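Here is the structure we will look at, set down as structure tokens.
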Amino acid sequence: MAITNKKYYLFSVDLEDVRDMIDNGMQYKEAVVSNTQKYLAWLSKHKFKATFFVVGRTAQAFPSLIKEIADSGHEIALHSHNHVHITKLTPEQFKADITANINAIQKAGVATVKGFRAPTFSLVEQSKWAYKILRNAGIEYSSSVIPNTNPLFGWQNFGGEQMVDGVYEIPMNIGNKPFSVPFGGGVYFRFLPWLISKRLFKNTAKKQQPVLGYFHPYDINTEQERFMHPHLNNNKLLNKLMYINRSKVFNRLDRVIDLGFEVVRYDDYYRMQTE
Ligand SMILES: [Zn+2]
């Protein structure tokens, strides 16, 4: 594995429509396009190229958005077609889901995809069979594992970046105890006080590892109606956290860049690591 002295932030957007995942979700306001464009504007401000892991159904609903992202020089990768956890699928169902995901992205005008992120990081030891299916579908890298125990999905003792059945897995970063969570993105990035996040970012760079960031359109949607989010087992406290500090995301992202971090596309990072 190549070692780098650069501070890489593997910022990415998991491009999905949260309304698709809840009952009667379509009664809420569409917020995917405008919030994705805010991420695009932030990336453009810093002249960075990043990776967008796209749900197939979302690509079907907003094909011109997917084309716009790709035309701006960003990477389009897979985030499943229906956003169903891999652990709930048979290998045959997973294969069909990935095929549908690739087709939806190709229909939107993006010819090739190399990467994959599992819905809610649901690639765990029991769903390890997914790697072979990904490889056979032409996928070269994945970023789908939380290498620790976690309230939702985790693969304890997974370790660091490695090849699994022909697919290069780039797992999430976990902070030191008591912050042993994937701090670089999503609700953890919003919830942890900046001084703690800053220390976790710096410690990771010291270990010559990239920090992985995963954001969603809803992470910055300050106008979203209150509803119970999916995948939280109806937990009201967790749901409250889903709304915390959404207005602070871009300010904090700028601070990450001020620390000397540079955003790169996952496929470029994967190439550097495996060349
Ligand atoms: Zn997702």
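Please give the calculated 222 nm ellipticity per residue for the chain, where each DSSP H segment of at least 4 residues contributes -39500 (n - 2.57) and the sum is spread over every residue; nearest 500 deg cm²/dmol? The partial results should precede the final answer.
Details: 10 runs with 97 residues, N = 275.
It lands at -10000 deg cm²/dmol.
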query = Considering amide H positions built from the backbone, and no H for Pro or chain starts, which residues 5 or more places from Gly213, or on another chain, come under 5 Å of its amide H?
reply = Leu10, Phe11, Ser12
query = How fast does the range 8-274 diffuse by Stokes-Einstein, in µm²/s, taking the Kirkwood radius from C-alpha pairs at 25 °C and 0.890 mPa s?
reply = 133 µm²/s
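If you take the alpha carbon radius of gyration of the range 208-275 and divide it by 2.2 N^0.38 Å, what ratio comes out, to two decimals? Kindly include the intermediate steps, with their values, before the conclusion.
Working: Rg = 15.9 Å, N = 68, 2.2 N^0.38 = 10.9 Å.
Rounded to two decimals, the normalised Rg is 1.46.
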Gln60/Arg135 FRET efficiency (R0 30 Å; Cβ-Cβ; nearest 0.05) = 0.75
query = Within the range 230-264, what residues put their amide N at less than 15 Å from the label point 7 Å along the Cα-to-Cβ vector of Glu223?
reply = 247
note = Taking a ≥ b ≥ c as the square roots of the eigenvalues of the Cα gyration tensor, with a/c under 1.5 meaning rounded and otherwise prolate when a/b exceeds b/c and oblate if not, the range 1-115 is oblate
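Plugging the Kirkwood radius over Cα pairs into Stokes-Einstein for the range 26-90, at a temperature of 10 °C and a viscosity of 1.306 mPa s, what D comes out in µm²/s?
Details: Rh = 13.0 Å.
The estimated diffusion coefficient comes to 122 µm²/s.
Under the definition of Cα pairs under 8 Å and six or more residues apart, what whole-number percent is the relative contact order of the chain?
Values: 490 pairs, mean separation 70.0, N = 275.
This gives 25 percent for the chain.
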note = Simple SL model, points at 7 angstrom along Cα→Cβ for Gln209 and Leu232; separation in nm is 2.8 nm
query = Within the set Lys6/Lys198; Lys7/Lys45; Lys107/Lys128; Lys6/Lys47, which residue pairs have Cα atoms separated by over 22 Å?
reply = Lys107/Lys128
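Counting only C-alpha contacts under 8 Å and six or more residues apart, can you give the relative contact order of the range 1-139 as a whole percent? Spell out each step's value before the answer.
Working: 180 pairs, mean separation 31.9, N = 139.
Normalised by residue count, the contact order of the range 1-139 is 23 percent.
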query = On full extension of the chain, what length is gained from Lys49 through Lys107, given 0.36 nm per residue of separation minus the C-alpha to C-alpha distance?
reply = 18.6 nm
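None of the figures in this text is laboratory data; all of them are computed from the coordinates on show. Quick caveat, the model's predicted, so the values are computed rather than measured. FYI the Cβ positions are ideal-geometry reconstructions off the backbone, even for glycines, and counts take in every protein chain you see.
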